[in-house]
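Heads up, the thing below is written out as structure tokens.
The values are calculated or read from the model by the stated rules, or taken from the named source; none is laboratory data. Quick caveat: nothing in here was measured; it's all calculated off a predicted structure. Cβ coordinates were reconstructed from backbone atoms using ideal geometry, including for glycine residues, and neighbour counts include every protein chain displayed.
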Amino acid sequence: MEKKIECGIVYDLLPNYIEHVTNEYSNKFIENHLNTCEECKKLYDNLNNEMNTNSSTKAEINFFKKYKKHLNILKIIIGVILIIGIALTVNTIRKVKILDNAQNKISEYINSSNYYIKSTTYENNVETIVETYKKDNVILQKITQNSQEGTSSLINYSNNETTNTYINNGDSKIAILDVKNPIMATDIENWTYTQSKKECIASAFMCSIKSEKLNGINCYKITNFYPAQKFMPDFNDFYFYIDKETGLMIKNSKDGETNYEYKFNVVTDKDLIEPNINEYIVQENS
Ligand SMILES: [Zn+2]
């Protein structure tokens, strides 16, 4: 075959040869020609280089396209996680601040030596009212229970050393005097108190705090305050209200529903007068 014609055939076949789509007879023909024709060999080398670069660039572009797509999805996922994380953190910080604030406010009252607390609880059609008068070391506590069966009351009078108890169940009045263990005062409960900062953050993270008005008082309603509460069915939906102004707890869902009223520095000696002992049968204190 004339060389020019061979070159023309090889020239036509080269692209297919490089992409390995020529048959083995053509391959042999091309390879034989390339071994003898420098011009076509050069052409082959150039074409081969060019086509390989092209295909590798294409693969690279595809790879980057895919990579970019994945990167965008990843960016969106990270963005969503970040937003949720930031929202949770901001909300937790808000709650830590509220709890911290409540603790600071209540500390003004918690060590008061002169206060009156009234708690009212309704449970199973029984109303229980506990009134505590505290002035220095003297505590008078009156517990009244109203039910369909009637009213009964119990009065504890306690100084630092002894307690006198007066029981009136409607039919009889009994007094037990000079019991050596003084009763504990009904302390001003601080349920927003946590042992440590860690616990405070854990509580803040878990609990929900909402602003609500209760009997005209601006309150925070706090639910799920105790992290462990989530796992105790008895405590489900357990909540309490604190007065925004004072930090004092004014309602909770312990034992039904209990409401609290407080007065400070108004208890006088008159509030601490024991019942008339002559009306009571004194029972021996054994
Ligand atoms: Zn040639």
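Summary table below
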{"quantity": "Filter result for N72 (over 22 Å from the mean Cα position of the chain (by Cα), at pLDDT 90 or above and farther than 30 Å from K3 by Cα)", "calculated": "yes"}
{"quantity": "Within segment 86-189, strands (runs of 3 or more DSSP E) holding 1 or more residues that are outside the structural domain of L272 (by TED's automatic domain parsing) and farther than 24 Å from Y241 by Cα", "calculated": "none"}
{"quantity": "Sole residue being among the aromatic types (F, W, Y) and at pLDDT 90 or above, chosen from Y44, Y67", "calculated": "Y44"}
{"quantity": "Subset tally (residues that are within 22 Å of E2 (Cα to Cα) and exposed (fewer than 15 other Cβ atoms within 10 Å of the Cβ)) for segment 37-57", "calculated": "4"}
{"quantity": "Which listed residue is among the charged types (D, E, K, R) and within 26 Å of L272 (Cβ to Cβ), from K142, K197, K95", "calculated": "K142"}
{"quantity": "Matching entry among D178, D136 (being surrounded by fewer than 17 Cβ atoms within 10 Å (Cβ to Cβ), of a type in the set (D, E) and closer than 16 Å to I277 by Cα)", "calculated": "D178"}
{"quantity": "Number of positions in segment 23-36 that are closer than 15 Å to D12 by Cα and either surrounded by 12 or more Cβ atoms within 10 Å (Cβ to Cβ) or near the ligand (Cβ under 10 Å from one of its atoms) (or both)", "calculated": "7"}
